[in-house]
Amino acid sequence: MNRMKRAWVLALLVAVGCKNGPSEDQCGKLLDHLVDLEFKKAGAAATTDAMKQEIAKQKTAVTEAKKAEFIDTCTKKMAKSRVDCAMNATELDGDNGVAKCDEAK
């Protein structure tokens, strides 16, 4: 995974602080969702059990590497509405993408 891409996704979702921001649990689920979308965009498809295990291992490694920083930023600087929007995104870019969440007012 590209560090710049992960940083971009994080920066994309950062918003002005909100008292009614998302919980740690919501931010953790968002991170998992973003990692899934990133792997999907990269074309990570498994055809064997061994490949499925390797992809799962890689997703876990990416999530664990970014979890503390992401959750801290998410809970303190993201609006819950953006987290909700991003959770409903089915891709990083495009009509149903996470990028559209920044366009919503």
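Within the stretch 70-86, the residues that satisfy the criterion of being buried (at least 16 other Cβ atoms within 10 Å of the Cβ) and under 14 Å from residue 33 (Cα atoms) are 70, 71, 74, 82, 83, 85, 86.
Of all residues in the stretch 36-63, those that are over 25 Å from residue 25 (Cα atoms) have Cβ atoms under 7 Å from Cβ atoms of residues that are open to solvent by less than 60 Å² (accessible area, probe 1.4 Å) and at pLDDT 80 or above, 6 or more apart or on another chain, in 44/55; 46/55.
In the stretch 30-66, what residues are closer than 25 Å to residue 100 by Cα and open to solvent by 80 Å² or more (accessible area, probe 1.4 Å)? Within the stretch 30-66, 40, 41 qualify. Scanning the stretch 46-88 for residues being of a type in the set (Gly, Ala, Ser) and in contact with a His (Cβ under 8 Å, 6 or more places away or on another chain) gives a total of 1.
Out of the stretch 87-98, which residues are exposed (fewer than 13 other Cβ atoms within 10 Å of the Cβ) and part of a helix (DSSP H, G or I)? Before you say what the answer is, go through the steps one by one.
Narrowing the stretch 87-98 to residues exposed (fewer than 13 other Cβ atoms within 10 Å of the Cβ): 88, 90, 93-96.
Selection gives 88 alone.
The values are calculated or read from the model by the stated rules, or taken from the named source; none is laboratory data. Remember, predicted model here, so these are calculated numbers, not experimental data. Because the Cβ atoms are built from the backbone with ideal geometry, glycine has one as well, and the counts that use them run over all protein chains shown. For the accessible areas, the whole protein counts, side chains as well, though only heavy atoms, and no ligand, DNA or RNA atoms are used. Shrake-Rupley method; radii C 1.70, N 1.55, O 1.52, S 1.80 Å.
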